[in-house]
Structure formats: C-alpha cells, structure tokens
Amino acid sequence: MKFSLTNSRTLLIAAASLALIGTAAAQDPIRIGLQAPLTGPWAVEGEMAQNSVQVVVDKINADGGVLGRQIEIVLGDDQGEPRQSALVAQRFVTQGVDAAIASYGSSVTEPAQLIYEDAGMLNIAYGATAVSLTSHGYEYFFRPTSRDDSEGAFFAEFATQTLGADRIAIVHDNTTFARGLADAAQESLGAYEGAEVVFFDAVTPGDRDFSAIVSRLRQQDPDVVYFTAYYPEAGLFIRQLRDAGVDIDFVGGNAAVNAEFIEIAGLDVAVGAMVLQEPLVADLEYTQAVDFHDEYVARHGAAPSTPWPVYAADSLNVIVAAMEATGSTDSADLAAWLHSGVTVDGITGEISFTEAGDRASAVIKVYVVDDEGQLEDTGY
C-alpha cells in the first residue's frame, strides 16, 4: 500500500488524537462509591464515615494516587433505610463506579449486596455484622469487621464470668443485626450453668416511649440488660430504665453506644453504661492508626466515637491495596485477590478474609462511659 503525504498527515493526526485520548483516560479518576446514612437517624455515623474515608483519600491522592490516577469518592445517602439502600446501589452500578464501600447496618446492607453481586461489583461493608450476610456464597462481598456470633459469645462470657449475672434481659429491635446479635447471645448463654434469659423482647425503631417494655422487664428482676439495637433507641431506653428505678448493669451491643447515645440519654444516666465493640482508633497502636487518629482530630476536633467509620476508611485501604497488587480496577480481579488469603496492613491492623468474605480475625473489647462522657477501655 502506498502512502501519500495526505495519508501520512491523516495518520499522524489520528495517532496524536489517540495518544491524547489515552492520556486523558489514564488521568480519569478511580471512582469509589461510599454508601452511608448521611441523613436519617444514623446520620452521625454517616458523617463520621465520610470524614474518615476523606482522610485516607487525601493521603493517597497526595502520594500520587492509585495506578497513576487520583481517587474520587462518589457519595450515596441510603438514609439507613433498606429501600433507599437498594436505590443507591443501583445508582452506583448505573454510574459505573469501580467499587463500593457499603454500608452501615446489616438490614441496610442486605438489599445492596445483592445488587452489587448481580452487577459483579466489589463491595465492602464497613458496619454490617449479621452472620447471614456471608452465608450466600457471594463472590464480591467482604467486610473488615467481626460477626455477631463472635460478640454474642463474648457477651455470654463477660456477663456470667465478669459481671456475675445469672438473670439476663436481652432487648433488640427485630432488625437483621439486632435480632441476630440477640439470638447469638441467647444461644451462647446456654453454655453457662445457672445463666437464665428471663426477658427477651423488642423495641420498635423510631419509638420514643418504652415505658411498657421497661415495666415488663422490671418485673423479671434481671441482673443485666443487653441492648442490641441502635443508639437512638438505646439512649432513650436507658434514660427511661433509670427513671423507672431499674439500676442494673446496661451493656450495649456494638451499635448502641456512641457520643450521640450519651447526648440522648444525658451524661448523668449514660455514666457507667457499657458497650461491647471493636477497639476505638485511639486505642490502636499501629502506625497507620496513630497517623489517622491525629489527622482526624486535627480536622474535626475529636476522634470517631465508634469503630465503624474507621472500618469505612480501612475498606478503602483494602480496595486500594487490591488495585495496586493486581494492577487492575476490575472487580473480578480484585475479589479473586482478596479471596486468596492475602493480608492488607490497615488502620485496624492486619486484614485478611475468609473464603466467605469475613475478616479472618477481629478483637472485641468492653468500653464504659466515664464521668466526662468518654468511652473508656475497661481492659476486658
């Protein structure tokens, strides 16, 4: 084939255009969806998650990004509602984000994880602990947190062996998370001779008057109450429990106690309330944890009051590590790498996953609200 000057000029222009297109494509940001309750009853968790992820994004981008590209966070407000969660997940899929950090709340995560799985999109839930979430054999779902059965077993031992409780009350709210945690605790208590669950009932999310359930609980004369529902109801419940003269140990599940719980209950009532959860970032000694903590406090004046926002940040760390290791943003490549048993160094320590997508190991601790309204590590 002969090439005329015109043909050569045309080829040169075409080649230059392709080069420009390739350069532009290489510079397009990697888009990560952050699905969180930015409004609604759990908005404080969503705000802390957004803030935490941004700390990590800014550091990664300042260091040159990932695969030569910057990271862009795409926000999706699921309002802590399952229906809205599904809509956010569908929007992320339609928009073609590269992976999703999603979400806070097990019942909120359930509909989203199905949509992500069907679309073949990597999704990492930063605040969803229900056992059932990893029972489906999903390829693209992971979580860097503990599971409810671990906490249920921990509570049973703590209540009977440390608190010396024989008569135990358990209050949940019938959501996937709270009921699952309550069931796990009740099952685990069966292994301890003399331990008896004398009260097992549910509050309704959004309710403000718990006088009826408090009255019935009081009649059973328990030694401790384990409240496995979320912090908006937990704060009201403990206030009404104390107002009714029920002065027993209050132990919250890992979504029950945070700064907003203390505000709702009032410091006079919240003091002495306990919560079982993963360690707060201030209590982690890893270099990444110290750096993250200091930067977060510098930006926002105080560290996150729960572990979950930090797990949102670590979810991003996991995604980035997978992309760097595989040289890819394809979810199939990322999921295969995470399923292979590799370890990622995160803010919360070394993170690796089981075949089901659960974190291979996790630590649970007991915190108590001190006189200044801070969560203090009890050493248990």
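Summary of the geometry: segment 347-368 and segment 255-288, compared by the centres of their Cα atoms, lie 18 Å apart. Which residue, SER340, SER188, SER305, tops the fluctuation ranking in a GNM of the chain built on C-alpha contacts under 10 Å? Ranking SER340, SER188, SER305 by mean-square fluctuation puts SER340 first.
Of all the options ALA259, ALA99, ALA234, the one that moves most in a Gaussian network model of the chain with Cα springs shorter than 10 angstrom is ALA259.
Label points 7 Å out from Cα along the Cβ direction at VAL198 and ALA298: separation in nm? Using points 7 Å along Cα→Cβ, the separation is 5.3 nm. Note on the chain: with a GNM built from Cα contacts shorter than 10 Å, the maximum mean-square fluctuation among ALA336, ALA322, ALA36 falls on ALA336. Listed options for volume of the Cα convex hull per residue in Å³ are [x] 232; [y] 170; [z] 143. The value calculated from this structure is the one marked [z]. Peptides 243-249, 289-295, 124-130, 164-170, ordered by how many other C-beta atoms sit within 10 Å of their residues on average, highest first, read 124-130, 164-170, 289-295, 243-249. For the pair segment 314-342 / segment 187-217, the C-alpha centres are spaced 42 Å from each other. Taking 45 Å as R0, compute the FRET efficiency from the Cβ-Cβ separation of GLN161 and GLN27 and round it to 0.05. With a Förster radius of 45 Å, E is 0.20.
Helix-only estimate, please: 222 nm mean residue ellipticity of the chain, summing -39500 (n - 2.57) across DSSP H runs of length 4 or more and dividing by its residues, to the nearest 500. It lands at -14000 deg cm²/dmol. Rounded to the nearest 20 debye, the dipole size of the chain about its Cα centre is 1660 debye, using +1 on the Cβ of Lys and Arg and -1 on the Cβ of Asp and Glu.
Placing unit charges on each Cβ (+1 for Lys and Arg, -1 for Asp and Glu) gives the chain a dipole about its Cα centre, and among ALA321, SER331, PHE210 the Cα reaching farthest toward its positive end belongs to SER331. Charge dipole (Cα centre; +1 on Lys/Arg Cβ, -1 on Asp/Glu Cβ; no other charges) of segment 148-277 amounts to roughly 280 debye.
Hydrophobic, long helices, defined as DSSP H runs whose alpha-carbon span along the helix axis is 15 Å or greater and whose mean Kyte-Doolittle value is at least 0.0, occur in the chain at 5-27, 43-62, 176-189, 308-326. The modelled label-to-label distance between LEU67 and GLU324, using points 7 Å beyond Cα along the C-beta direction, is 1.5 nm.
Each value in this text was obtained by applying a stated rule to the coordinates, not by laboratory testing. As the structure is a computational prediction, the values presented were derived from the model and not from experiment. Quick reminder, even Gly has a Cβ in these numbers, built from the backbone with ideal geometry, and neighbours come from all protein chains shown.
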